[in-house]
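Student: Take this structure, written in structure tokens, and hold onto it; I'll ask about it next.
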Amino acid sequence: MMAPIIPECVWRVGATLGEGAVWHAASRCVVFVDIKGRRLYRYDPDTDVRRSWVAPGQIGFALPSVDGSWVCGLQGGLYRFDFASGIFSRMLPVETDRPGNRLNDGYIDRTGALWFGSMDDAEREASGQLYRVGREGRLSVRDSGYVITNGPTVSPDGRTLYHTDTLQRVVYAFDLGDDGSLERKRVFTNIDGTGYPDGMAVDEEGCVWIALFGGGRIERFSPDGRCVGRVAFPCSNITKLAFGGDDLQTVYATTARKGLTDEALQKEPLAGGLFMFRAPVKGLPSTECAVDVSAAKPDQS
């Protein structure tokens, strides 16, 4: 097991549903979102500069693209965001026939393909799906039947994709083909005790770090699904983590105030904040999105 780690709150954002932490090496910044607050945040740990932008809807993720813009998952579609102008522009409609759904967690694999999930915003119906948009821009469903999808991430060798069924408290593993195909769906791990599996990240040893909503911790799982470490937080709802810094050993984690009573919030004043801690192992470097959105039949409305 890992030695005790004490996370530090570096930004008391007070996010209702903080999510989507990602380290952008080029700008040396952490980018994350508040889904319910409809805001996009950027934090520069070197200068302590903190900025935020209002999104045009519930925003599940923001991920960097090779062209310098950011691809964002909002309710109803994928959007492009430019930090210089602060403008969101819709690129590709997604699930416009499912108005009760919204997009949730996202990830970019080593080929530059975008993976993301959708979910029932009311958290009742199994209407959520796992999507992939390849470099050629084609949007395709890779799995379905989720109430809340979360945490797509990939092993260091690029051969295993992990994906979370949050309400069922199970994380699945799939064999990931070079063409983006998924095969041999199987249970990677079930979460025992308190908490629901949320966002994830993988370290260079192939271990999967899983944030636990309602569990007050992040747990680290070996490639064979055994819990081999945990990091306790001073708040209940941990939602996503990202390895960052020059050595990829500084972990940034988002949290949420969602679902906490006034009494609970008095006991958890840092809930909804952005946290940081040092990990004993390096994470994997982030990848930029290389999707050809022009081939994806961008929305003309």
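Student: Quote the FRET efficiency, to the nearest 0.05, computed for ASP67 versus THR96 with a Förster distance R0 of 25 Å and r equal to the Cβ-Cβ distance.
Tutor: Efficiency at R0 = 25 Å is approximately 0.50.
Student: Moving to a separate point now. Using the 10 angstrom Cβ neighbour count as an exposure proxy, how do GLU95, GLU125, GLU136 rank, fewest first?
Tutor: By the 10 Å Cβ count, ascending: GLU136, GLU125, GLU95.
Student: Using R₀ = 45 Å, calculate the FRET efficiency as 1/(1 + (r/R₀)^6) where r is the Cβ-Cβ separation of ASP292 and SER222; round to 0.05.
Tutor: After rounding to 0.05, the efficiency reads 0.75.
Student: Cα centroids of segment 198-229 and segment 1-17: how far apart, whole angstrom?
Tutor: 15
Student: Fewest first, what order do CYS72, CYS29 take by the number of other Cβ atoms within 10 Å?
Tutor: CYS29, CYS72
Student: Can you give me the relative contact order of the chain as a percent, contacts being Cα pairs under 8 Å and 6 or more apart?
Tutor: 20
Student: Based on other C-beta atoms within 10 Å, arrange SER286, SER181 from fewest to most.
Tutor: Details: SER286 19, SER181 12.
The most exposed by this proxy come first: SER181, SER286.
Student: Same structure again: Can you list the lysines whose alpha carbon sits under 21 Å from that of LYS258, skipping same-chain ones fewer than 8 residues off?
Tutor: Within reach: LYS36, LYS240, LYS267.
Student: Next question, about the same structure. Would you mind computing, in nm to one decimal, how far apart the modelled labels at THR111 and ASP179 are, each placed 7 Å from Cα along Cα→Cβ?
Tutor: Using points 7 Å along Cα→Cβ, the separation is 1.0 nm.
Student: So how strong a dipole does the chain carry about its Cα centre when Lys and Arg Cβ are +1 and Asp and Glu Cβ are -1, to the nearest 20 debye?
Tutor: Once rounded to the nearest 20, the dipole reads 420 debye.
Student: Label GLU136 and ASP247 with points 7 Å out from Cα along Cα→Cβ: what is the distance between them in nm?
Tutor: Computed distance between label sites GLU136 and ASP247 equals 4.4 nm.
Bear in mind that the values in this text are calculations on the coordinates, not laboratory data. Computed from a predicted structure; not experimentally measured. Methodologically, a virtual Cβ is constructed for each residue, glycine included, from the backbone with ideal geometry; neighbour enumeration extends over all protein chains shown.
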